[in-house]
Amino acid sequence: MKPKTKLPEHIAIIMDGNGRWATSKGLARKEGHKEGSLAIDRLMDIAIEIGIKNISLYAFSTENWKRPIAEVRAIFGLLEDFIDSRLDSILSKNIKILHSGSRKMIPPGSLKRIDRAVDVTANNKGIVINFCLNYGSQDEILNAFHKIIQNRLKKKKSLEKEIKPEEMEEALYTYPLPPVDMLIRTAGEKRVSNFLLWQIAYAEIYFTDTLWPDFDKKSLHDALDWYASRTRKFGGLEK
Ligand code: IPE
Ligand code: IPE
Ligand code: MG
């Protein structure tokens with residue numbers, strides 16, 4: 001595969017279609033989530049090989065609590081197994097794990113494992129994998145305003161002073177990740193489902209019908225080739 005001319009610095013992925021993948025094969029939805037976690041393994045290896053710096057993965061949204069409790073439990077169980085079985089390999093691959101999302105409501109066993117993964121990989125210098133778990137962008141933005149107010153009160157700063165973009169960005173769950181350059185959504189839906197609304201302001205958005213468990217090396221290369229063909233203008237004129 002020839003090297004890409006332009007690589008996105010930060011890719012965000014709405015990993016959708018696990019349920020449909022399972023149903024189409026006559027399997028329980030849970031099996032789709034399990035297969036989806038294998039697609040994450042595959043993605044991390046390919047992304048390292050290509051030299052991508054940051055990937056945010058939408059693993060569980062603040063709206064996904066509406067699903068049947070058995071499915072929610074299965075997803076968190078899989079996440080725990082994922083961390084337990086991969087942490088050593090994640091460390092050896094120099095991967096840095098981040099978590100974006102609200103800590104409220106995440107089962108304690110899952111929270112303990114995420115915190116450990118973030119903690120032990122904190123000094124890794126390779127690819128950053130940001131797990132967006134119990135993440136919702138509207139929640140993130142409200143939380144950021146709250147943080148800004150608390151901070152200003154603590155430092156006895158005025159609440160009247162205007163909020164600069166940097167102050168806002170520092171208060172987001174994704175800080176210090178750069179803005180998203182490319183957002184990928186698998187499984188055909190054309191919506192952003194409350195994902196990284198601030199961070200995707202100028203992202204190129206790539207939709208594919210491929211279901212997340214089927215997303216492979218070729219799928220990522222197709223998305224990257226499409227990205228490399230885009231002209232990004234950020235409101236200015238083409239250079
Ligand atoms: C995405 O797959 C994974 C999560 C939301 C956790 P879905 O479970 O939404 O799969 P579909 O959309 O039902 O196929
Ligand atoms: C978005 O997928 C959330 C994740 C991939 C974690 P959903 O399947 O929950 O989104 P909607 O409900 O189709 O918008
Ligand atoms: Mg879905």
query: Is it the case that some residue within segment 48-70 is touching a residue at least 24 places away in the same chain (Cβ under 8 Å), among the acidic types (Asp, Glu) and surrounded by 14 or more Cβ atoms within 10 Å (Cβ to Cβ)?
result: no
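One line per residue, one yes/no per condition, for (1) within 16 Å of ligand 3 (Cβ to nearest atom); (2) at pLDDT 95 or above; (3) at positive phi:
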| position | (1), (2), (3) |
| --- | --- |
| 140 | no, yes, no |
| 147 | no, yes, no |
| 167 | no, yes, no |
| 176 | no, yes, no |
| 206 | no, yes, no |
| 211 | yes, yes, no |
| 214 | yes, yes, no |
| 233 | no, yes, no |
| 239 | no, no, no |
statement: Note on residue 180: of the conditions (1) more than 28 Å from residue 50 (Cα to Cα); (2) touching a Pro at 6+ places or on another chain (Cβ under 9 Å), unmet is (1)
- prompt: Within the set of pairs 6 or more residues apart or between chains, which connect a residue that is more than 12 Å from ligand 3 (Cβ to nearest atom) inside segment 5-25 to a residue that is among the basic types (Lys, Arg) with Cβ atoms less than 6 Å apart?
  reply: 9/53
query: within 25 Å of residue 49 (Cβ to Cβ), touching a strand residue (DSSP E or B) at 6+ places or on another chain (Cβ under 8 Å) and surrounded by 12 or more Cβ atoms within 10 Å (Cβ to Cβ) - does that describe any residue in segment 71-84?
result: yes
statement: Given the conditions (1) among the charged types (D, E, K, R); (2) within 25 Å of residue 84 (Cα to Cα); (3) within 14 Å of ligand 1 (Cβ to nearest atom), every one holds for residue 53 apart from (3)
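The values are calculated or read from the model by the stated rules, or taken from the named source; none is laboratory data. None of these values were measured; they are calculated from a predicted model. Reconstructed Cβ throughout: ideal geometry from the backbone, glycine too, with neighbour counts over all protein chains shown.
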